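Trainee: Sharing a structure, written as structure tokens. Questions coming.
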Amino acid sequence: MFELPDDEILSLSKEHVFFTWSAQSKVNPIAVQRAKGVYFWDVDEKRYLDFNSMTMCVNIGHGDERVIKAMQEQAAELPYAAPGMTTKIRALASKAVADLTPHQALTKVLFTLGGADANENAIKLARGYTGRYKILARYRSYHGATAGAMAATGDPRRVAWEPNLMTGTVHILDPYRYRSTFHRTNPDIPEKEFAQDYLNHLEEIIQYEGPETIAAILMESVTGTNGIIIPPEGYMQGVRALCDKYGIIMIADEVMSGFGRTGKWFAVEHWDVVPDIITMAKGLTSAYAPLGAVAMKPEIASAFDERVFESGLTYTSHPVSLAAAVANIHVMKDDGIVEHAAAMSRVLKRMLTDLGESHRSVGEVRSIGLFGILELVKDRNTREPMAPWNSSSPEMTGLRKYCLDHGLFLYAHWHTVLIVPPLIITENQLKEGFDILDKALEITDKAAFDDR
Ligand SMILES: Cc1ncc(COP(=O)(O)O)c(C=O)c1O
């Protein structure tokens, strides 16, 4: 369609593309040419096994013709309509999303362009509904890179832009057992008591901040890039109860954990919790087109029955993105992809456990569905991370490079390695990736321990 010799893609990109999350002089992107299933290929025909679903988003796998065809047909029929209009695909997509929400309780849907602006709009809805302004979020979290979503983000990506972000956010600690501040001296505390300690912490902060000032608690249902932190039993139910007690809106950020990633459509279903608002993106279209959504309970929508919701986006409900979403949901249902992810949960857990047992550098493994992580440590007793907070180390850089050189694309973040493959992955394909990771960890073990 458009011509450019393969060997000029990288140089032309380096000349004109401004890359995000990067120091421009350091970028060295893979020039990707095509992708199918759980693999993608660069312009030199090198094949990579995608253990990160690109950006934890290609949930149904690459190159699904059914989604591509739906987008093509929508583009030919009507590529765009104004936000104040409606379309067949807008009606169908909003119903399809509402029907997926827990107990079908979140009946109204606002479409955005991605995850950050979904969270921005969720915050506005909660503030408008409650008349309050504070947003509680957790330290180990990421909610997006726009000013409001970044203010809610707890991790260092927020700190980089302070103080020029949205005001009114307050952060709390995460129920993160492996590095729990409260439980250094009693690490074997039963799960329910552990959860209760963090709920007590949350309630204490609510008291200090003044419940009458708090509009919403915004939480990733299962924490993504900050460490696949799976809430302990009772925690999500307890957050729900505190929200009810104090009239606070519960917003579940399911941008990464939604659409089958944890073996359920939404991760909150594991704890049978119904949030007031769910934000989603990524797996909503499996990244075939950009789209986010805010699903809300009817009473939140009704707060704006007479009052204008002062917000909007030129590309809200973009028909081509909505066609991708509806087709993506059909594919997930027709192919039983959520059920497959749930079945593969055990396989991933076993492979992670085996890897953890055979490498000294693995401190802990965690997973739920096809959402997994290895925490690498320099010492299993002290749990000293293989790279410091918000930094890297030669061991981590070496591991990432080994994997990439051997055709395994994954996300190594600080001292952790995330396993977030497309949900269609088979046991053999998972093993293919784990075999490479096993070899990479042999080198990590040697580098970290052999000279001690
Ligand atoms: C949990 C979570 N929320 C929000 C976002 C932001 O989504 P986007 O990059 O589409 O704005 C992300 C992106 O990684 C995310 O993981």
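The values are calculated or read from the model by the stated rules, or taken from the named source; none is laboratory data. Note that the structure is a prediction, hence the values are computed from the model and not measured. Neighbour counts are summed over all protein chains in view; Cβ atoms, including those assigned to glycine, are modelled from backbone coordinates with ideal geometry. For accessibility, only protein heavy atoms count, side chains too; no ligands or nucleic acids. Shrake-Rupley method; radii C 1.70, N 1.55, O 1.52, S 1.80 Å.
Trainee: If I require 30 Å or longer along the helix axis, counting alpha carbons, and a Kyte-Doolittle average no lower than 0.0, what helices from the chain are left? Use full DSSP H segments.
Mentor: Qualifying helices: 337-358.
Trainee: Working with all protein chains in place, sort GLU339, GLU357, GLU299 by solvent-accessible area computed with a 1.4 Å probe, largest first.
Mentor: GLU357, GLU339, GLU299
Trainee: Which links in LYS134/LYS192; LYS108/LYS349; LYS36/LYS88; LYS124/LYS282 stretch past 25 Å when you go from one Cα to the other?
Mentor: Correct reply: LYS134/LYS192; LYS108/LYS349; LYS36/LYS88.
Trainee: Using the crude model of +1 on Lys and Arg Cβ and -1 on Asp and Glu Cβ, and no other charge, please compute the dipole size for the chain relative to its Cα centre, in debye to 20.
Mentor: 420
Trainee: Just the ratio, please: alpha-carbon radius of gyration of the chain over 2.2 N^0.38 Å, N its number of residues.
Mentor: Compactness ratio reported: 0.98.
Trainee: Heavy atoms only, probe 1.4 angstrom, no DNA, RNA or ligands counted: give me PHE18, PHE51, PHE304 ranked by accessible area, highest first.
Mentor: Putting PHE18, PHE51, PHE304 in descending order of accessible area: PHE18, PHE304, PHE51.
Trainee: For the range 46-104 and the range 111-130, what is the separation of their C-alpha centers, rounded to whole Å?
Mentor: The distance from the Cα centre of the range 46-104 to that of the range 111-130 comes to 20 Å.
Trainee: Scale the Cα Rg of the range 327-405 by the rule-of-thumb value 2.2 N^0.38 Å and send over the ratio, two decimals.
Mentor: Ratio of Rg to 2.2 N^0.38 Å for the range 327-405: 1.41.
Trainee: For GLU254, GLU432, what's the largest-to-smallest order of accessible area, 1.4 Å probe?
Mentor: Descending order: GLU432, GLU254.
Trainee: Packing-wise, with mean Cβ within 10 Å as the measure, how do 260-266, 116-122, 104-110 rank, highest first?
Mentor: 116-122, 260-266, 104-110
Trainee: For a quick protection proxy, order the peptides 26-33, 175-182, 287-294, 94-101 by their average other-Cβ count within 10 Å, most packed first.
Mentor: Result, highest mean Cβ count within 10 Å first: 287-294, 94-101, 175-182, 26-33.
Trainee: Counting only protein heavy atoms, what percent of the accessible surface of the chain is carbon or sulfur at a 1.4 Å probe?
Mentor: 54
Trainee: Here is a further query. Is the C-alpha gyration tensor of the range 238-345 telling us rounded, prolate or oblate? Criteria: a/c under 1.5 is rounded; beyond that, a/b larger than b/c is prolate, otherwise oblate.
Mentor: It is oblate, given that a/c is not under 1.5 and a/b is not larger than b/c.
Trainee: Per Stokes-Einstein, at 25 °C and 0.890 mPa s, what whole-number D in µm² s⁻¹ belongs to the range 324-365, with the Kirkwood radius over Cα pairs as the hydrodynamic radius?
Mentor: D, rounded to a whole number, is 200 µm²/s.
Trainee: Quick one: Kirkwood hydrodynamic radius for the range 181-291, alpha-carbon pairs, angstrom, one decimal?
Mentor: About 15.0 Å for the range 181-291.
Trainee: How many angstrom separate the Cα center of the range 318-391 from the Cα center of the range 243-312?
Mentor: 22
Trainee: Here is a further query. With each run of n ≥ 4 DSSP H residues scored as -39500 (n - 2.57), what mean residue ellipticity at 222 nm is computed for the chain after dividing by its residue count and rounding to the nearest 500 deg cm²/dmol?
Mentor: -12000 deg cm²/dmol
Trainee: Considering only protein heavy atoms, what per residue accessible area in square angstrom results for the chain with a 1.4 angstrom probe?
Mentor: I get 44 Å² per residue for this part.
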